[in-house]
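A short write-up of the structure that comes next.
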Amino acid sequence: MPVIYDDENSIWEQNGAKLDKRDIADYGFADGERFAFLETEDGLVFFRDAYGSIADATTLDEVGDYIKAMLGSPGSQEAK
C-alpha cells in the first residue's frame, strides 16, 4: 500500500547525505528504499544490508549483472 510522503517519512539519510523523497515522487512504499539503486558523484548508493551478495558493488552494471543472474538461473546464487 503506498504512503504519502510527509515531513516525518520523506527523508532518507546515508553517508552524510540527505534525500527528500518528495523531490522524486509524492507517494512511495514503506520499504521502497530497498529497491532504489542510485549512481551518484560519490559512488553507488543502495540499501547494502538488503543485498549482501552485491554489497561491494560500485556500478549499476554490477547490479544489473546480479539481477540478470538471479532472474536467469534460479538457485544459481543465493542472496545473502
Residues of region 7-45 being under 22 Å from residue 67 (Cβ atoms), among the β-branched types (Val, Ile, Thr) and open to solvent by 40 Å² or more (accessible area, probe 1.4 Å), in sequence order, are 24, 40
Enumerate the pairs (first residue in region 53-71 and in contact (Cβ under 8 Å) with a residue 12 or more places away in the chain and open to solvent by less than 80 Å² (accessible area, probe 1.4 Å); second residue anywhere and in a helix (DSSP H, G or I) and among the polar types (S, T, N, Q)) with beta-carbon separation below 8 Å, excluding pairs fewer than 6 apart on the same chain, so at least 6 apart or on different chains.
66/53
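The values are calculated or read from the model by the stated rules, or taken from the named source; none is laboratory data. Since the structure is predicted, the reported quantities are computational estimates derived from the model, not experimental observations. Don't worry about glycine lacking a Cβ; one is built from the backbone with ideal geometry, like all the others, and counts go over all protein chains shown. The protein model used for the area step is the full one, side chains on, heavy atoms only, and it has no ligands, DNA or RNA in it. Shrake-Rupley method; radii C 1.70, N 1.55, O 1.52, S 1.80 Å.
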